[in-house]
Amino acid sequence: MRRTTGGAIAVLAAAVLLTTALAERTPAQAKKLVYWTHWEQNPEFNRWYETKGKEFARKSGYEVEVVTIPYQGYEAKYLAALMGKTGAPDFFNGIAHQWCGQYDFCDRMPPDLEKVWSENLPKYMRAWGQWRGVTYGIPIEHGNFQQMYINADLFRKAGLDPDRPPKTLDDWLAAMKKLTVFDPKGEPTQVGFAIRHKGHPVGITDKFLPFAHAFGARMISPAQDRATGVANSPEMVAALRFFGDLVTKHKVASLAFGNPEDAFGQKRAAVIFRESWYFGWLKKNGPDVSFRVYALPCGTSCPGAGNLFPWSNLVSKASPNKHVAWDFLRFISNAKDDLEQHQLQGILPVWAANLDSSYVKSRPDYASTKEMLAQPVPPNYYHPKSNELATAFGEAVVGVLYGKGQPKALLDEAASRMDRILKE
Amino acid sequence: MGRWARLVLPRTYMDRQRRAGFLFVLPAVAYFTAVYFVPLVESLVGSFYRTLPGGASRFVGLRLYELVFTDSAFWNSVWNTVKLLALSVPATVVLALAVALGLDRLTLRWRSLWAAMYFVPFAVSLVAAALIWQWIYDPVYGVLNHALSLVGLRPQQWLQSLDEVLPSLALVNVWARLGFDTMIFLAALQAIPREYDEAAEIDGATARQRLRHVTLPLLNPHILMVCILELIFNFKIFDQVYATTQGGPAGASQTIIPLLYDTAFKYFRLGEASVMAVFVFAVLLAVTLVQWRIFRKPVEY
């Protein structure tokens with residue numbers, strides 16, 4: 001036994017020595033900036049960083065490696081890496097009020113770069129990438145507010161003019177009724193509206209908010225300190241009743257249909273509300289869908305260009321390469337690169353001057369984007385606990401869709417939960 | 001010389017034996033400590049601290065326990081977990097036992113073939129299995145509704161129904177776990193000497209009587225073990241829920257571990273998530289000990 005133990009120790013020691021010797025002999029690895037993104041739906045956009053990184057390497061010696069994290073559960077991976085520091089990205093696609101607000105993972109943007117972007121972002125996007133007045137990130141997605149995509153063929157088939165979209169919610173509902181087709185058993189085989197009802201409640205909240213804003217409601221108070229009296233206001237109750245009735249009363253939307261994007265792409269739904277990236281997705285996944293894009297219909301108010309997820313490129317405070325990461329971001333902070341990168345994926349560029357480029361003008365959402373940007377900016381909910389607040393609120397929305405209760409009662413319960421979250 | 005000192009500097013043959021034994025178990029102990037014990041202690045400690053914006057922590061005593069235990073969403077997830085347990089565990093254990101009893105009667109060749117078939121779902125990744133079942137359950141394109149339509153029945157909403165979502169997930173659990181439990185029962189049945197069964201048969205016992213009075217009592221430790229394993233598996237269910245329903249619709253399938261995950265990684269409330277982890281650990285430990293003490297009967301072949 002003594003011999004066996006001694007032998008094992010000798011083998012172990014030899015292995016350690018060999019590993020050390022090999023590590024010393026390995027040539028230095030090419031220096032890399034690591035970028036994390038969860039935009040799995042935008043592979044061309046992501047790959048562009050690597051392409052541009054090769055050019056950047058010629059002057060800095062640093063290439064860019066892009067790691068795409070699946071969206072579902074990306075927060076866990078980000079959090080583990082950023083907390084653990086080892087294996088963390090040098091820069092990443094995230095939300096400033098979460099990663100820089102709730103946590104302190106972000107490096108402050110250098111003043112010169114901050115100046116460049118503040119002069120070149122559309123006005124409504126300037127608050128993105130900021131937390132408590134400090135700028136951390138560069139917004140990367142203009143047009144991530146929802147717009148109305150309609151299937152022109154289905155509109156014509158229903159006797160509607162696809163060039164004259166409904167402008168008010170009443171007209172919109174009337175159109176949805178005409179666009180819904182039932183089978184002999186009374187089940188819809190084609191719906192007017194592709195509704196989001198599955199998945200995490202945060203996403204469901206995101207898709208409901210334009211309706212809430214069209215009714216003049218908001219999710220939390222402007223000071224972001226309370227929900228009661230706001231999330232359960234009469235306007236919000238009316239908005240949620242309208243939304244629920246689409247499924248339960250008017251049956252112009254169906255819970256039997258899966259992903260709304262797929263339903264629209266399969267021509268089983270005539271209308272969907274989605275962001276600018278959906279244009280690129282649709283071109284790739286539903287090339288035979290003849291669609292138009294319009295501004296969302298208005299109720300007592302117009303929904304405007306608002307969102308729940310202001311994505312920005314953020315630099316990790318703990319990264320040993322954070323200065324190089326900022327150099328890279330500085331390297332690509334210009335109109336030409338902004339246009340090139342966004343055009344590759346078919347999404348709207350961020351740089352304000354690019355909004356009048358021939359690429360943007362040729363897009364089907366050019367006019368609608370302009371129209372929605374001209375509307376008053378809706379409330380934003382850029383709070384560190386926005387995910388949790390939106391989950392509590394989304395439970396009420398999905399509860400109404402599934403007939404779990406009445407809008408008022410469910411919103412009262414949600415508001416109470418949201419108050420508790422805000423208070424804590 | 002103390003016991004530990006003699007482990008380092010053995011003097012006798014027995015000392016060397018002990019040291020060898022210690023070295024052999026050391027990797028397992030180190031692994032267990034790093035992977036289970038340290039996180040457990042971390043969770044316990046973390047349940048008394050609130051993470052503040054900026055990542056700092058503040059000691060808050062039992063405040064987080066109070067918050068979690070007065071939260072209706074938490075108890076809703078506990079109740080859903082219990083319902084899922086009630087739907088999955090008895091069905092899996094009874095079915096696995098029935099399948100094992102059937103397989104035990106087959107010849108070796110056929111037994112191996114059928115056993116492999118039952119075992120295949122267990123070898124499939126739970127996420128992959130959940131996604132496959134999501135398609136099977138799809139209300140529009142799913143094969144299940146297509147089968148129902150062939151016999152003139154109305155299509156069901158399955159994972160998209162408040163009432164059907166938990167039974168649907170339970171069915172996936174039964175499918176995924178049946179093979180593993182069957183293997184345990186089959187191995188146990190094979191280990192029971194045939195003489196007992198033959199003696200009972202000679203004494204005039206019917207097949208049912210032999211099963212009830214001979215086979216099942218001898219299988220008691222294995223039934224208990226399978227029940228405990230199933231209880232733990234179902235209590236900790238995560239993959240299937242997260243890959244298919246994400247707790248929906250309207251929280252109808254929100255079980256405790258996905259809620260814990262969301263609390264920690266979506267809402268960044270590590271303290272509350274630690275409270276939930278401690279709760280899960282305490283419940284599983286208590287239930288396992290109770291099961292062990294009440295139902296375990298020593299068996300000698």
(request) Can you confirm whether segment A:364-380 contains a residue that is touching a helix residue (DSSP H, G or I) at 6+ places or on another chain (Cβ under 9 Å), more than 20 Å from A:Ala96 (Cβ to Cβ), surrounded by 21 or more Cβ atoms within 10 Å (Cβ to Cβ) and not assigned by TED's automatic domain parsing to the domain that holds A:Arg164? (result) yes
(request) Take the residues in segment B:111-137 that are over 20 Å from the mean Cα position of the chain (by Cα) and of a type in the set (Phe, Trp, Tyr), then tell me which one is modelled with the highest pLDDT. (result) B:Tyr137
(message) I'd like to know if segment A:279-301 contains one or more residues that are of a type outside the set (Gly, Ala, Ser), within 30 Å of A:Phe105 (Cα to Cα) and not in a loop (DSSP other than H, G, I, E, B).
(response) no
(message) farther than 30 Å from A:Gly405 by Cβ and either at pLDDT below 90 or within 12 Å of chain A (Cβ to nearest Cβ) (or both): is that true of B:Glu230 in this structure?
(response) no
(request) Name every residue in segment B:31-53 that is within 14 Å of another protein chain (Cβ to nearest Cβ) and either exposed (fewer than 12 other Cβ atoms within 10 Å of the Cβ) or aliphatic (A, V, I, L, M) (or both), in order of residue number. (result) B:Leu52
(request) Please tell me if B:Ala129 is under 27 Å from B:Ile184 (Cβ atoms) and crowded, with 18+ Cβ neighbours inside 10 Å. (result) yes
(request) Give the residue that is farthest from the chain's Cα centre (by Cα), with candidates limited to residues of segment A:367-400 that are of a type in the set (Phe, Trp, Tyr) and within 14 Å of chain B (Cβ to nearest Cβ). (result) A:Phe393
(message) Going by what's in this entry, would B:Ala191 be described as of a type in the set (A, V, I, L, M), out of contact with any Phe, Trp or Tyr (no Cβ under 7 Å at 6 or more places or on another chain) and either within 14 Å of chain A (Cβ to nearest Cβ) or without any contact (Cβ under 8 Å) to a residue 24 or more places away in the chain (or both)?
(response) no
(request) Could you tell me whether B:Val275 is buried (at least 23 other Cβ atoms within 10 Å of the Cβ), more than 13 Å from every other protein chain (Cβ to nearest Cβ) and assigned to a helix (DSSP H, G or I)? (result) yes
(request) Kindly indicate which of A:Leu169, A:Leu154 is touching a helix residue (DSSP H, G or I) at 6+ places or on another chain (Cβ under 8 Å), surrounded by 22 or more Cβ atoms within 10 Å (Cβ to Cβ) and in the same structural domain as A:Leu389 (by TED's automatic domain parsing). (result) A:Leu154
(request) For residues that are modelled with pLDDT under 90 and within 14 Å of chain B (Cβ to nearest Cβ), scanning just segment A:256-282, find the one that is farthest from the chain's Cα centre (by Cα). (result) A:Ala256
(request) Report yes if some residue within segment A:378-387 is within 20 Å of A:Asn144 (Cβ to Cβ), of a type in the set (D, E, K, R) and modelled with pLDDT under 95; otherwise report no. (result) no
(request) Check segment A:91-103 and report whether any residue there is β-branched (Val, Ile, Thr), closer than 30 Å to B:Arg269 by Cα, buried (at least 18 other Cβ atoms within 10 Å of the Cβ) and within 18 Å of the chain's Cα centre (by Cα). (result) yes
(request) Could you please find all residues in segment A:403-424 being out of contact with any helix residue (DSSP H, G or I) (no Cβ under 7 Å at 6 or more places or on another chain) and surrounded by 22 or more Cβ atoms within 10 Å (Cβ to Cβ)? (result) A:Ala415
(request) Answer with yes or no whether A:Tyr62 is farther than 23 Å from A:Pro310 by Cβ and touching a Phe, Trp or Tyr at 6+ places or on another chain (Cβ under 7 Å). (result) yes
(request) Just one of (1) in contact with a helix residue (DSSP H, G or I) (Cβ under 6 Å, 6 or more places away or on another chain); (2) surrounded by fewer than 21 Cβ atoms within 10 Å (Cβ to Cβ); (3) part of a loop (DSSP other than H, G, I, E, B) trips up A:Ala305, so point out which. (result) (2)
(message) Being in the same structural domain as B:Gly179 (by TED's automatic domain parsing) and surrounded by 22 or more Cβ atoms within 10 Å (Cβ to Cβ) is the requirement here; does B:Pro249 meet it?
(response) yes
(message) Here are the criteria: (1) of a type outside the set (D, E, K, R); (2) surrounded by 15 or more Cβ atoms within 10 Å (Cβ to Cβ); (3) over 30 Å from B:Ser253 (Cα atoms). Tell me which single one B:Thr107 does not satisfy.
(response) (2)
(message) Only one of B:Ile136, B:Ile184 is β-branched (Val, Ile, Thr) and within 14 Å of chain A (Cβ to nearest Cβ). Can you tell me which?
(response) B:Ile136
(request) Would you tally the residues in segment A:313-344 being in contact (Cβ under 8 Å) with a residue 40 or more places away in the chain, crowded, with 20+ Cβ neighbours inside 10 Å and closer than 20 Å to A:Gly280 by Cα? (result) 2
(request) Please determine, by comparing only the residues of segment B:64-83 that are in a helix (DSSP H, G or I) and of a type in the set (D, E, K, R), which one is surrounded by the most Cβ atoms within 10 Å (Cβ to Cβ). (result) B:Lys83
(message) All but one of (1) more than 9 Å from chain B (Cβ to nearest Cβ); (2) assigned to a loop (DSSP other than H, G, I, E, B) hold for A:Gly403; state the number of the condition that does not hold.
(response) (1)
(message) Can you list the helices (runs of 4 or more DSSP H) lying wholly within segment B:1-58 that have 3 or more residues being out of contact with any Leu (no Cβ under 7 Å at 6 or more places or on another chain), modelled with pLDDT of 90 or more and under 25 Å from B:Phe279 (Cα atoms)?
(response) B:13-32, B:38-46
(request) Kindly indicate whether A:Arg132 is surrounded by fewer than 18 Cβ atoms within 10 Å (Cβ to Cβ) and closer than 28 Å to A:Pro364 by Cβ. (result) no
(message) Quick test for you: out of B:Ala86, B:Ala129, B:Ala116, pick the one residue that is of a type in the set (A, V, I, L, M, F, W, C), touching a residue at least 24 places away in the same chain (Cβ under 8 Å) and part of a helix (DSSP H, G or I).
(response) B:Ala129
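The values are calculated or read from the model by the stated rules, or taken from the named source; none is laboratory data. Quick caveat, the model's predicted, so the values are computed rather than measured. So basically every Cβ, Gly included, is an ideal-geometry build from the backbone, and we count neighbours across all protein chains shown.
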